[in-house]
Amino acid sequence: MRAVGLRLLLVLALPAAAGAGAVTLTGMSEFPALFGTYAPGGQCARHPQFTVDRAGMRFELPGGPLLADRPEYGASYFGDGYSGIAVWFAPWFQGQGQDPISVVFNADEKPGEVTIQAHDYDYRGGPRLPAQYRALVDGSPYRKCR
């Protein structure tokens, strides 16, 4: 009986431990170094673009801009021993269900380089990334507009 109780406790604790590395933010005020407008390759004439400011991340999408004002910050996304410069976020769009994309600042340890990738989508056997986000993924890598 004791072994069954211990297994049940472990099963119930695992989901809480798995999500412990992400923190839901209110806006992006804690990351002022990231403020700015980003475009593919840093060329402001190119699209799509997104802006980071105190309110959050505002993405240019077909049908108009979409604000992610409660992004998830992956505080330990790269593991407990990670000491690099990359910073991971999953912008949460109200009413979308899953996190459609993830944004990595200083991607691949390159200062200023930003990538947008499918998140919770496009894995083997999983759902396809909704078309409205595809251009954001295809625009990677991004840099602040020059």
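The values are calculated or read from the model by the stated rules, or taken from the named source; none is laboratory data. On a predicted model such as this, the values are computed, not experimentally measured, just so you know. Neighbour counts are summed over all protein chains in view; Cβ atoms, including those assigned to glycine, are modelled from backbone coordinates with ideal geometry. Quick note on the areas: whole protein, heavy atoms, side chains included, nothing else; ligands and nucleic acids left out. Shrake-Rupley method; radii C 1.70, N 1.55, O 1.52, S 1.80 Å.
Keeping all protein chains in place and using 1.4 angstrom, which order do 123, 133 fall into by accessible surface area, from largest down? Don't skip to the end; give the middle numbers.
Values: 123 125, 133 0 Å².
So, going from the largest accessible area down, we get 123, 133.
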Residue-ordered couplings for the stretch 29-38, obtained by feeding phi - 60° into the Karplus form 6.51 cos²θ - 1.76 cosθ + 1.60 and rounding to whole Hz (Gly and Pro as x), are 4, 7, 10, x, 5, 8, 4, x, 9, 10
By accessible area (1.4 Å), largest first, 146, 54 order as 146, 54
Sorted by chain and number, the residues with a modelled amide H under 5 Å from that of residue 113, at a separation of 5 or more or across chains, are 106, 107
For the pair residue 82 and residue 135, the simple spin-label estimate (label points 7 Å beyond Cα toward Cβ) gives in nm 2.9 nm
A 1.4 Å probe over the protein heavy atoms gives the stretch 25-141 a carbon and sulfur accessible-area percentage of 49 percent
Computed from the beta carbon distance with a Förster radius of 22 Å, FRET efficiency for residue 75 and residue 33 to the nearest 0.05 stands at 0.85
Listed by chain and number, the residues whose amide H is under 5 Å from that of residue 55, excluding neighbours fewer than 5 places away on the same chain and using placed H, are 28
Phi-derived 3J(HN,Hα) across the stretch 131-145 with the Karplus relation (6.51, -1.76, 1.60, θ = phi - 60°), rounded Hz, x for Gly and Pro, is 3, 5, 9, 4, 4, 4, 5, 5, x, 5, x, 10, 9, 4, 4
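Rank these residues by their accessible area, most exposed first, probe 1.4 Å: 102, 140.
Largest accessible area first, the list is 140, 102.
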For the stretch 25-141, the dipole about the Cα centre with charges only on Cβ (Lys and Arg +1, Asp and Glu -1), to the nearest 20 debye, works out at 300 debye
